[in-house]
Amino acid sequence: MRPTSIPCYMTEHAAGVDLHAALESEFTLHPGERALVPTGIAIEIPPGFEAQVRPRSGLALRHGIALVNSPGTIDADYRGEIGVILINHGSDPFTIADGERIAQMVFARCERAEFIEVDELGETGRGAGGFGHTGR
């Protein structure tokens, strides 16, 4: 791993840190293509937390660059290099250079659920309605 840049918060109230591409050479992501982009960093997250990797809004708006799995979750027990799976939803090729800000990472608490098998669930006003059940 060869970090291009240590993650940092760009403003006083930023929720996430920017992740940068750590590349030997730039490459082009053509429309419809996806690629795993290395960041050159690994982190140790305390138990009870996760890191969420999210798209950068500027790349999404200007170039159609998004994350295939958004948000991507980094578990507290993962110790490998962080990679970002980018996809080009835009109409033009997009070149990614070493050091380019490609995503953001937000840390969040996460709770572990205990599952209990039951014969029926409690009733609510919504019930089983989903996927557009409230209309437009």
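The values are calculated or read from the model by the stated rules, or taken from the named source; none is laboratory data. Here the structure is a predicted model, which is why all the values come from computation and not from measurement. FYI the Cβ positions are ideal-geometry reconstructions off the backbone, even for glycines, and counts take in every protein chain you see.
Output yes when any residue across segment 110-119 is without any contact (Cβ under 8 Å) to a residue 24 or more places away in the chain, basic (Lys, Arg) and exposed (fewer than 10 other Cβ atoms within 10 Å of the Cβ), and no when none is.
Yes, there is a match, as at least one residue in segment 110-119 is without any contact (Cβ under 8 Å) to a residue 24 or more places away in the chain, basic (Lys, Arg) and exposed (fewer than 10 other Cβ atoms within 10 Å of the Cβ).
Across segment 100-136, which residue is farthest from the chain's Cα centre (by Cα) among those that are more than 30 Å from Leu23 (Cβ to Cβ) and polar (S, T, N, Q)? Give the steps one after another, and end with the answer.
Kept after step one, since they are more than 30 Å from Leu23 (Cβ to Cβ), are these residues of segment 100-136: 109-136.
Still in the list and also polar (S, T, N, Q): 124, 134.
Values: Thr124: 33, Thr134: 29 Å.
My answer is Thr124.
Here's a check for you: in segment 1-36, which residue that is assigned to a loop (DSSP other than H, G, I, E, B) and small (Gly, Ala, Ser) is modelled with the lowest pLDDT?
Residues of segment 1-36 that are assigned to a loop (DSSP other than H, G, I, E, B), as a first pass: 1-16, 21-26, 30-33.
This time we only want the ones that are small (Gly, Ala, Ser), so: 5, 14-16, 21-22, 25, 32.
Numbers: Ser5: 70, Ala14: 95, Ala15: 95, Gly16: 96, Ala21: 96, Ala22: 96, Ser25: 96, Gly32: 98.
My answer is Ser5.
Take segment 69-88 and flag every residue that is surrounded by 14 or more Cβ atoms within 10 Å (Cβ to Cβ) and either without any contact (Cβ under 8 Å) to a residue 40 or more places away in the chain or over 16 Å from His20 (Cα atoms) (or both).
Ser70, Pro71, Gly72, Ile74, Ala76, Tyr78, Asn88
For segment 5-41: of the residues being among the β-branched types (Val, Ile, Thr) and more than 16 Å from the chain's Cα centre (by Cα), which is surrounded by the fewest Cβ atoms within 10 Å (Cβ to Cβ)? Quick ask: steps written out before the conclusion?
First, pick out the residues of segment 5-41 that are among the β-branched types (Val, Ile, Thr): 6, 11, 17, 28, 37, 39, 41.
Pick out the ones that are also more than 16 Å from the chain's Cα centre (by Cα) and you get 6, 11, 28.
Details: Ile6: 9, Thr11: 6, Thr28: 11.
Filtering segment 5-41 for residues that are among the β-branched types (Val, Ile, Thr) and more than 16 Å from the chain's Cα centre (by Cα), the one surrounded by the fewest Cβ atoms within 10 Å (Cβ to Cβ) comes out as Thr11.
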